[in-house]
Amino acid sequence: MARANKGYTAQDIQVLEGLDPVRARPGMYIGGTGKSGLHHLIWEIVDNSVDEAINGHASTISVFLSRNGKTISVTDNGRGIPVDMHPIHKKPALELILTTLHAGGKFDQNTYKTSGGLHGVGSSVVNALSSSFNARIRRNSKEYEQDFRRGKAVGELREIGPSRLSGTKITFTPDEEIFGPFSFDPEVIREHMEVKSYINKGLRIQFKDEGAGSSYDFYHEGGLADFLRSKLHKAEKNSITPQHFVMDKDFDGSLLRLQVALTWTDSHREHVTGYVNGISTSDGGTHEQGFKDAITKSIRNFIGTHNLHSRGLKLSSDDIREGLTGILSVFIAEPQFQGQTKDKLNNPEIRVQVEGAVRPILEQWLHDHKEWGEIIVTRATQAARARMASRAAANQVRRKSAVSHRLNLPGKLADCSSTDPSVSELFIVEGDSAGGSAKQGRDRNIQAILPLRGKVLNTEQATLPAVLKNQEINNIIQALGCGVGKDFDRARLRYDRIILLMDADVDGHHIATLLLTFFYRYLPKLIEQGHIYIAQPPLYKIEVGKDTHWASDDDEKERILKKLPARFKPEISRFKGLGEMMPKTLYSTTLDPKKRRLLRVEIPYDKTFETDKVINQLMGKDAQARFRLIMDGTNQVEELDI
């Protein structure tokens, strides 16, 4: 039997009136009393002014930070908060709005078609948490003023003079009883105001920091398109297509307006930023889900329409959106936010509406710019291959440590003595004979040699398990130490230059192509970051008297011979392979950093789809495709910039 609750009666029940609940539990309204919650007070007031702009009543917002960093003023040129007497509550509307929770004009769509501050608590919460709060209203050709302190009016509304202008100016100082000693961060305010100006194109937002003596004037007619360019510039990211996808469209119904700007970059991460009625939704929500659905479906439909499927490869939504940088801004009539801080949108119908609005327009954009769409598909295909390699090779390709904590390097590797990757080079050499010559002739301090036996596995035709089980491929992976796929870690790469050293003949070129296929499919970052090179060993030695010339192929040999005087009879010798060269000769012609020639392997973004297609045709299982490529496009293969 429960014990009687003595001393717990009706008189112990407290009823918090007015704005007292806000002061008792500020975290429920602004998320906390730390730096984020403190600055949230500014956002609440600014959002009210932005709502005036969204609905076509204001064009300029000014934010002023006092010299001591504790007082904020926000001014707009909107209609001004109403000051007439409320017919029921018998108080001026201004006082009612600022001293009562859930009081405002944003419940009525005739007053505000869209609004960020939909709960009617923003201004009153700021008032409740401020030691001083002043409102000046310009309306009806007059100017009015009223003062408040910790949520309560300390004087009546008063008329202070005539005015030709209209608008609202709110000045407040947060209460140190709530926030403790504080000062606003000018940089946080500046960044937030700049974002607001991007989201609301055509809106001018000014910010003045009196303490630093600095002023900012933000105005972006390009809206999200300008915002996307700014994001890419600040993040030092490069778009893989010449233009970005931009959309700005009005609708009827609950979704009133939708703005989008997106592109794909060379980043491995997806970055989507969402806004609802000008409010940042850091935790996402249904609008972002619909946005992502639209992107995934658009790319898949584009692939199906143009038959761009890769055999044996299924693209996941993460593969498709890897590298995506997108900004989404929606304006809706009745947003349902999760919490007063509005970090997440919950409206279930918005997901379908956003997907249905974005998908057909994005899909048409891809069809209209087919070459750009192909680049994006190639980007996704590479992500999928990297994901598959990472999953299958997670335990096989990690840097292994023996009991002595030394790297488990392949036995055939003749490593360099330097432990500084930035100066170290790895030569992947064709055959043990050439490897032996290279080991004797190299600079042992910075040059490592890894010989390969015979033809390397064609990774374009082999299954993934076969690739991972191949001894030669595993020797390369272990020597590099950086992992493959999504386990790739540039910080663990043991050599800054990976140099393919093959005979200067058809077989040598074939082996180099096989190795390039492996790097392209499983370690593309090494190519993108400029780590892969092809050595240029000589095929001919041309001796003229005491002079010696080296030629890497027949064309270079002919050019050298044409430059010689007619009466000279050169002695020409052709190397059958690198193993024929004396170690000193190999060093002076091919290994010496001061004399050698290297070709760095690069793939420009405008050639990524072409490269992917050619490698697939040239190295894949379809013999007919390979035959057509060789017969119909020999010049193209020779000139392909890989």
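The values are calculated or read from the model by the stated rules, or taken from the named source; none is laboratory data. Keep in mind the model is a prediction, meaning the values are calculated, not measured. So basically every Cβ, Gly included, is an ideal-geometry build from the backbone, and we count neighbours across all protein chains shown. Accessible surface areas use protein heavy atoms only, side chains included; no ligands, DNA or RNA. Shrake-Rupley method; radii C 1.70, N 1.55, O 1.52, S 1.80 Å.
Remark on G78: its backbone amide H falls under 5 Å from those of T168, a criterion applied only to residues 5 or more positions apart or on other chains, H modelled at 1.01 Å from N. Given a 1.4 Å probe and every protein chain left where it sits, what share in percent of the accessible area of the chain is carbon and sulfur? The nonpolar share, carbon plus sulfur, comes to 48 percent. Peptides 369-380, 184-195 ranked from most to least packed, by the mean per-residue count of other Cβ atoms within 10 Å: 369-380, 184-195. For the chain, the share of DSSP beta bridges that are antiparallel, to the nearest 5, is 70%. Helix 348-368 and the longest principal axis of the C-alpha atoms of the chain enclose an angle of approximately 40°. The long axis of helix 224-235 is offset from the longest Cα principal axis of the chain by roughly 60 degrees. Amide H to amide H, with H built 1.01 Å from N, E143 comes under 5 Å of I160, G161, S163, counting only residues 5 or more places away or on other chains.
Using the empirical formula 2.2 N^0.38 Å as the baseline, the Cα radius of gyration of the range 477-527 reaches a ratio of 1.23.
Note that the range 248-288 presents 39 Å² accessible area per residue, ligands and nucleic acids not counted, probe 1.4 Å. List the relative contact order of the chain as a percent without decimals, with contacts defined as Cα pairs under 8 Å and 6+ residues apart. About 9 percent, as a whole number. Checking the Cα-Cα distances for K35/K152; K35/K196; K412/K525; K541/K594; K35/K142 against a 29 Å cut-off, the pairs over it are K35/K142. Each 20 Å bin from 0 upward holds the following percent of the Cα-Cα pairs of the chain: 16, 34, 26, 18, 6, 1, 0. Secondary-structure-derived ellipticity at 222 nm for the chain, considering helices only, amounts to -11000 deg cm²/dmol, per-run term -39500 (n - 2.57) for DSSP H runs with n ≥ 4. From most to least packed by mean Cβ count within 10 Å, the peptides 42-55, 262-275 give 42-55, 262-275.
With respect to the chain, whose longest principal axis is taken over its alpha-carbon atoms, helix 186-199 is tilted by about 80°.
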